[in-house]
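A short write-up of the structure that comes next.
Only the coordinates and a few stated rules stand behind these numbers; no lab work does. What you are looking at is a predicted structure, and each value in this text was computed from that prediction instead of being measured. For neighbour counting, all protein chains shown are included, and Cβ atoms are generated from backbone atoms with ideal geometry for every residue, glycine included.
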Amino acid sequence: MSTVAVIVIIVIVAIVVIYAIATYNGLVRRRNQVDEAYRQIDVQLKRRYDLIPNLLEGVKRYFRQEQQVLTEITQARSQAMKPQSPREQAQSEARLSGAIGNLFAVAENYPELRSSSVLLDFQEELSSTENKISFARQHYNDSVQGYNTKIQSFPAVLFARAMGFTEREYFEAAGPERESVTVSYD
């Protein structure tokens with residue numbers, strides 16, 4: 001074998017190795033972005049979970065006959081706080097939002113509660129937190145889309161599976177869970 005052929009083979013092998021290293025590092029970076037985006041959702045959900053006990057404490061005295069509503073929120077919150085896949089988490093969050101929506105619907109029967117600063121402050125905090133959760137979910141889904149596209153694109157697809165990179169789930173709810181909870185104090 002001639003020296004030129006050996007040099008060409010070495011150059012080709014070096015290019016493949018360099019590309020594999022660059023692809024691996026790029027995939028690691030995107031995977032870490034997805035993980036960080038999910039942690040940001042978690043931060044906002046924790047904030048939401050921390051608001052709920054304060055709300056329940058504030059409305060307990062008004063809801064003597066409405067213990068089922070309070071229990072439903074407590075159970076939904078407990079379920080949502082358990083570690084889950086993004087899809088399961090989204091479904092748990094939808095159940096929690098529904099339970100909170102039921103609380104506000106029942107609150108309509110208590111005029112003094114509707115005008116209570118506890119409920120009004122909670123509504124403002126919840127609205128702010130829901131917006132932050134929405135932005136965090138959007139960022140997560142954008143990160144997942146970029147990551148999934150990268151591992152499915154040629155030529156990265158040749159290396160991705162072999163290097164242990166698999167697709168990630170989007171954070172989305174299906175069916176009725178997609179509808180937002182409407183809170184009204186009219």
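Quick one: Cα centre-to-centre distance for segment 119-164 and segment 53-90, in angstrom? Result: 25 Å between the Cα centres. Protection proxy ranking of 132-145, 71-84, by the mean of other Cβ atoms within 10 Å over each peptide's residues and highest first, is 132-145, 71-84. Using a Gaussian network model of the chain in which every pair of alpha carbons under 10 angstrom is joined by a spring, one finds that among Arg61, Arg39, Arg87 the greatest mean-square fluctuation is at Arg61. Exposure proxy for Leu158, Leu51: other Cβ atoms within 10 Å of each Cβ, ordered fewest to most, give Leu158, Leu51. Ordered by the count of other Cβ atoms within 10 Å of each Cβ, fewest first, Val118, Val59, Val106 give Val118, Val106, Val59.
Our helix-only sum for the chain, with -39,500 (n - 2.57) per DSSP H run of n ≥ 4 divided by its residues, gives a mean residue ellipticity at 222 nm of -26000 deg cm²/dmol.
Per the Debye calculation on segment 24-91 with a single equal scatterer at every Cα and no solvent contribution, log₁₀ I(q)/I(0) for q = 0.18, 0.19, 0.21 Å⁻¹ amounts to -0.77, -0.82, -0.92. Spread over its residues, the convex hull of the C-alpha atoms of segment 3-177 is 104 Å³ per residue. Sequence-distant contacts, meaning Cα pairs under 8 Å at least 6 residues apart, place the relative contact order of segment 1-148 at 42 percent.
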